[in-house]
1. Do we find a residue being assigned to a loop (DSSP other than H, G, I, E, B), more than 21 Å from residue 93 (Cβ to Cβ) and at pLDDT 95 or above anywhere in segment 226-234?
2. Check segment 157-172 and report whether any residue there is under 11 Å from residue 68 (Cβ atoms) and either open to solvent by less than 70 Å² (accessible area, probe 1.4 Å) or under 15 Å from the mean Cα position of the chain (by Cα) (or both).
3. If you take just the helices (runs of 4 or more DSSP H) that sit entirely in segment 1-119, which of them hold at least 2 residues that are farther than 23 Å from residue 154 by Cβ and either modelled with pLDDT of 80 or more or within 16 Å of the chain's Cα centre (by Cα) (or both)?
4. Applying the selection to segment 174-190, what residues are in contact (Cβ under 8 Å) with a residue 40 or more places away in the chain and open to solvent by less than 30 Å² (accessible area, probe 1.4 Å)?
Amino acid sequence: MKTLTNFAVEKEILADSPATRVNYRAKPNPRTKIRAYRDHEARTVLEATRREDKDYMRWIPWICCFTGARLDEVAGAARRDVERVGRYWTLNIRLDHRAADASIKNVGSERCVPLHPKLIEEGFLDYVNSLPKDGPLFPSLRPDKFGSKAGTATKKIGPFVRALGIIDKRLSPNHSWRHRLIEEFRRIPVREDIEHAITGHSQEGTAPDYGEYSINTMLGPAIDQTRSPFDIRSEDGDADKGNFVAVAAAD
């Protein structure tokens, strides 16, 4: 309702939106709420991608894990979007090198995300350097019938993750990486505005519109503090879960 009436105001069909003060908050359902990857699950998926031949199957889970980026932000990236900023390699999430009809979720979604040392250690830059400079980041990833590369990636990566035995419906094969990184930021902890600058969450008020977040002194060091799933070893998945509950309770 608010979207429709705001659109009407934009097009000068209405002078004011009658839905301005309408608010709705859905009651959350704990059975369907998306959860983060636990570390043993993350290791299982990332290790399995090492056996994949398709470029996007090999690298998209790794990039999502260590940047917290949305699937469509990664799937639609160009080779030129991986660039050096000072002492950090980054993934520059922007529209510059994407299709004319491409879009991003919100203003804060356009951002430069530093790459985690583990991603570089894994050989991601070697892969990037093997690509034509003016081409897509994943040449083998074709758009689906709706023109979405993310749609194709979803249809391939989802079943791939489920086939590894990760079948909990609360875990989203792609979006749960984002939740994992946010949990890492809360563990450190990282300032909320820096977290949002990395993950591309919209921020309220006008303050976020002022100034820029430094890659070398703010965003990069925050990424460096986040742990790789391979840095956290436990006997089984329950131990991983127990560690998270303990931290959550302490918070």
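1. Yes, there is a match, as at least one residue in segment 226-234 is assigned to a loop (DSSP other than H, G, I, E, B), more than 21 Å from residue 93 (Cβ to Cβ) and at pLDDT 95 or above.
2. The answer is no; no qualifying residue exists.
3. Of the helices (runs of 4 or more DSSP H) lying wholly inside segment 1-119, those with at least 2 residues that are farther than 23 Å from residue 154 by Cβ and either modelled with pLDDT of 80 or more or within 16 Å of the chain's Cα centre (by Cα) (or both) span 2-10, 39-49.
4. 174, 176, 177, 178, 180, 181, 182, 184, 185
The values are calculated or read from the model by the stated rules, or taken from the named source; none is laboratory data. Predicted model, so just to flag it, every value in this text is computed and none were measured. Reconstructed Cβ throughout: ideal geometry from the backbone, glycine too, with neighbour counts over all protein chains shown. With ligands, DNA and RNA removed, areas are computed over all heavy atoms of the protein, side chains included. Shrake-Rupley method; radii C 1.70, N 1.55, O 1.52, S 1.80 Å.
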